[in-house]
Amino acid sequence: MEVFVYLSVIFGLALVLIAIRGRFLAFRGQRPCEYVGLGPELDLVRHLDGRNICEGVIFGPTGRMTSRFRAVMSGRWSGIDGTVDVEFKYDGGGTQSRAWHLNVSETGRITARADDIVGTGRGQAMGPTVQMIYTIILPEDAGGYTLSVTDWMYLTEGGTILNRSQFRKGEVLVAELVATIRKEEGA
């Protein structure tokens with residue numbers, strides 16, 4: 001009986017350590033303030049203005065690639081308010097459109113709205129990064145699920161933005177997106 005109690009305690013501690021790691025030490029544990037003072041500065045108003053090309057992959061819950069996409073992003077701004085229209089083309093032939101309506105304050109606080117977003121997304125730009133947190137409703141042909149999204153963008157020295165997003169149902173990671181965003185050549 002003592003062995004059973006001992007193993008139960010060890011198993012419980014292991015679960016607690018895994019939860020702590022996932023919440024504080026892994027991808028979702030990052031905080032924008034960790035990037036203060038690093039450069040170059042990621043300024044959404046400047047970097048998402050005009051035409052950009054986004055190319056990426058989506059990984060399913062097993063970590064295997066499930067889809068690839070290419071998107072054209074067209075941004076236009078009036079001061080700190082902007083709209084970024086995104087036209088996706090997936091490797092399976094599907095297409096999708098999204099219009100992000102963004103507000104970026106002078107302190108880097110971001111609010112974001114789109115038709116497939118529940119409520120208002122919130123974010124923060126600091127240093128070479130932007131973090132966004134929002135809830136998305138997938139299209140019906142992708143299951144129609146409502147997922148929590150943690151989205152990070154990192155600006156490289158060469159001006160390319162690397163985007164990594166994790167999609168969760170509750171605490172379970174169900175998908176991850178990795179993409180690049182760069183100015184369209186000649187634009």
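For the subset of segment 52-63 comprising residues that are among the small types (Gly, Ala, Ser) and more than 19 Å from Met132 (Cα to Cα), which member is most open to solvent (accessible area, probe 1.4 Å)? It would help to see each step written out before you state the result.
First pass over segment 52-63, keeping only residues among the small types (Gly, Ala, Ser): 56, 60, 63.
Right, trim to more than 19 Å from Met132 (Cα to Cα) and you get 60, 63.
Working: Gly60: 14, Gly63: 50 Å².
Across segment 52-63, the extreme among qualifying residues is Gly63.
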Going by the conditions given, is Asp49 of a type in the set (D, E, K, R), surrounded by fewer than 16 Cβ atoms within 10 Å (Cβ to Cβ) and more than 16 Å from the chain's Cα centre (by Cα)? no
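Based on what the data block shows, is Gly75 out of contact with any helix residue (DSSP H, G or I) (no Cβ under 8 Å at 6 or more places or on another chain) and either over 24 Å from Gly158 (Cα atoms) or free of Cβ contacts under 8 Å to residues at least 24 places away in the same chain (or both)?
Values: out of contact with any helix residue (DSSP H, G or I) (no Cβ under 8 Å at 6 or more places or on another chain): yes; either over 24 Å from Gly158 (Cα atoms) or free of Cβ contacts under 8 Å to residues at least 24 places away in the same chain (or both): no.
Considered against the rule, which asks whether it is out of contact with any helix residue (DSSP H, G or I) (no Cβ under 8 Å at 6 or more places or on another chain) and either over 24 Å from Gly158 (Cα atoms) or free of Cβ contacts under 8 Å to residues at least 24 places away in the same chain (or both), Gly75 comes out as no.
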Being in a strand (DSSP E or B) and open to solvent by less than 40 Å² (accessible area, probe 1.4 Å) is the filter; apply it to segment 143-153 and report the residue that is farthest from Arg51 (Cα to Cα). Leu147
Would you check if there is a residue in segment 64-81 being more than 17 Å from the chain's Cα centre (by Cα), of a type in the set (Ser, Thr, Tyr) and surrounded by 16 or more Cβ atoms within 10 Å (Cβ to Cβ)? yes
Please specify each residue of segment 82-110 satisfying the condition of being more than 19 Å from Ile181 (Cβ to Cβ) and either touching a residue at least 40 places away in the same chain (Cβ under 8 Å) or open to solvent by 50 Å² or more (accessible area, probe 1.4 Å) (or both). Gly92, Gly93, Gly94, Glu106, Thr107, Arg109
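The rows are residues; the columns are (1) aromatic (Phe, Trp, Tyr); (2) modelled with pLDDT of 95 or more; (3) open to solvent by less than 40 Å² (accessible area, probe 1.4 Å).
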{"residue": "Gln131", "(1), (2), (3)": "no, yes, yes"}
{"residue": "Tyr134", "(1), (2), (3)": "yes, yes, yes"}
{"residue": "Asp141", "(1), (2), (3)": "no, no, no"}
{"residue": "Leu155", "(1), (2), (3)": "no, yes, yes"}
{"residue": "Phe167", "(1), (2), (3)": "yes, yes, yes"}
{"residue": "Gly170", "(1), (2), (3)": "no, no, no"}
{"residue": "Leu177", "(1), (2), (3)": "no, yes, yes"}
{"residue": "Thr180", "(1), (2), (3)": "no, yes, no"}
{"residue": "Lys183", "(1), (2), (3)": "no, yes, no"}
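The values are calculated or read from the model by the stated rules, or taken from the named source; none is laboratory data. Bear in mind the structure is a predicted one, so any value in this text is a computation, not a measurement. As a convention, Cβ positions derive from the backbone with ideal geometry for all residues, glycine included, and neighbour counts pool all protein chains shown. SASA here: full protein model, heavy atoms, side chains in, ligands and nucleic acids out. Shrake-Rupley method; radii C 1.70, N 1.55, O 1.52, S 1.80 Å.
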